[in-house]
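Scroll down for the structure; my scribbles are underneath it.
Every number in this text was worked out from the coordinates using simple rules, so none of it is lab data. Small disclaimer: the values here were computed from a predicted structure and weren't measured. Note that each Cβ is placed from the backbone with ideal geometry, even for glycine, and that neighbours are counted across all protein chains shown.
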Amino acid sequence: MFQYEPFRDSTGHLDDGEVLRARLAEDGYLFLHGLLPREAILNVRARLLNKAMEAGWLARDSAVADGVANQAAACKDPEPCYMSVFRGLWADEALHRLRIDPRVIALFGRIFCERALAHPMFVQRNIFPRSDVFDFTTGVHQDRVHIGGATSHAMWMPLGDCPREMGTLAVAAGSHIAGILPTKVGSGAGGMDIAVPIPGTWVTGDFEAGDALIFRDVTVHRALPNLTPSLRMSFDARYQKLSEPMADVNLVPYAGCGTWDEVYAGWSGRVGQYYWKDLPITTVPLDRSYYDQRDAMAFEMAEAGDRSARDAILRIVQRDPLPEKRERAERLLVRLDAG
Ligand SMILES: O=C(O)CCC(=O)C(=O)O
């Protein structure tokens with residue numbers, strides 16, 4: 001069982017880049033209360049909840065603002081039924097602008113001691129309540145294997161108040177010191193779990209709208225299960241020094257969300273569009289060796305009928321650049337689902 005200590009609160013040091021850097025070096029994370037105004041978060045929350053209601057994700061007999069889920073509609077990324085609704089949520093213009101809010105960019109500038117770059121790609125998550133038949137709790141993982149590049153930091157922010165029981169994020173403080181840990185096929189992010197005991201001390205806490213958790217790309221983290229009746233909505237974005245290389249995969253929209261022109265098509269204004277186009281960004285290919293290792297393992301497991309490889313196989317179907325690999329994964333998915 002995981003035991004959680006409370007976060008160390010760094011809010012009082014928001015303007016002091018040196019202290020923030022020292023805490024990131026020591027703990028691998030920062031918890032900041034009220035980084036963004038509550039109203040800005042609640043505005044985005046309301047916009048996304050309205051779209052979720054229209055799509056049938058919310059219970060019709062509750063106030064939209066409560067975000068009570070229609071459990072019959074429970075679905076998860078990257079299933080097609082999730083993606084068809086998610087595309088509209090991810091494209092929300094106010095959501096996109098939150099992660100490049102000047103307060104956030106200035107904060108990372110203080111941490112990096114140089115100009116910060118917000119990755120164009122970011123994640124927005126809608127976690128339906130856990131039930132006997134549905135669980136989409138993010139497993140234990142590190143981001144580096146998915147984000148690549150030199151080094152990056154994540155900012156995780158719930159879209160609304162988020163007490164622990166709604167499924168906040170927890171980090172293993174100090175785990176970053178061990179570097180990239182070995183992975184295996186599992187239910188964590190990208191169908192991978194960490195294959196060794198986790199170093200460090202697990203910490204978490206309750207979040208209010210506007211609170212932020214910042215952590216390094218090698219800090220081990222996981223989500224707590226959503227035990228409330230409501231959707232847990234959040235976003236997580238990545239930031240790095242502008243002078244360092246960024247993996248090419250972070251330049252494109254979230255997988256399944258179309259092109260940037262398609263994402264921007266419904267926006268009422270241009271603020272926040274293509275903000276990176278004139279910046280001197282160096283890109284490198286994503287180091288896919290972690291995925292290659294996962295995929296070899298997942299194929300072997302799926303061929304032996306092991307359903308625990310399903311998440312990894314689904315990722316290959318949805319996201320692998322090689323058509324022959326996708327086709328092999330599609331055939332295995334059909335076999336796994338047949339029984
Ligand atoms: O929100 C979640 O459930 C997971 C977030 C996460 O893993 C991340 O921000 O890297």
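In deg cm²/dmol, rounded to 500, what helix-only [θ] at 222 nm does the chain give when every DSSP H run of at least 4 residues adds -39500 (n - 2.57) and the total is split over its residues?
Estimated from H runs of four or more residues: -9500 deg cm²/dmol.
Straight distance only, please: which lysines reach the Cα of LYS241 with their own Cα at less than 17 Å, same-chain residues fewer than 8 apart left out?
Filter leaves LYS277.
In nm, what is the difference between 0.36 nm times the number of residues separating GLU26 and ARG319 and their Cα-Cα distance?
Result: 102.0 nm gained on full extension.
Report the full-extension gain for the segment ALA72 to LEU279: residue separation times 0.36 nm, less the Cα-Cα distance, to one decimal in nm.
Result: 70.0 nm gained on full extension.
So what does log10 I(q)/I(0) come out to for the chain at q = 0.07, 0.08, 0.13 Å⁻¹, using the Debye formula with one equal point on every Cα and no solvent?
Results for the chain at q = 0.07, 0.08, 0.13 Å⁻¹ read -0.27, -0.36, -1.04.
If you average the C-alpha positions of the range 173-187 and of the range 65-83 separately, how far apart do those two centres end up, in angstrom?
29
Put +1 on the Cβ of each Lys and Arg and -1 on the Cβ of each Asp and Glu in the chain; which of ILE194, TYR275, TRP156 then has its Cα farthest toward the positive end of the dipole?
Value: TYR275.
Using a Gaussian network model on the chain with a 10 Å cutoff between Cα atoms, which of ALA173, ALA55, ALA118 fluctuates the most?
Residue with maximal mean-square fluctuation among ALA173, ALA55, ALA118: ALA55.
Specify which residue in the list GLN3, LEU35, LEU24 is farthest towards the positive end of the charge dipole of the range 1-114, using unit charges on the beta carbon of Lys, Arg (+1) and Asp, Glu (-1), about the Cα centre.
Of the options given, the answer is LEU35.
To the nearest 0.05, how large is the calculated FRET efficiency for GLU300 and ARG164 if R₀ is 35 Å and r is the Cβ-Cβ distance?
Efficiency computed from Cβ-Cβ geometry: 0.40.
In percent, how large is the relative contact order of the range 28-129, given Cα pairs closer than 8 Å and 6 or more residues apart?
Relative CO of the range 28-129 lands at 24 percent.
What is the distance, in nm, between label points placed 7 Å from the Cα along the Cα-to-Cβ direction at GLU330 and at CYS81?
Label-label distance for GLU330 and CYS81, simple model: 2.1 nm.
Looking only at the chain, where both bridge partners belong to it, what percent of the DSSP beta bridges are antiparallel (to the nearest 5)?
90
About its Cα centre, what dipole magnitude does the chain give when the only charges are +1 on Lys and Arg Cβ and -1 on Asp and Glu Cβ, stated in debye to the nearest 20? Please report the intermediate quantities before stating the final value.
Values: 38 positive and 45 negative charges, 60 e Å.
Roughly 300 debye for the chain.
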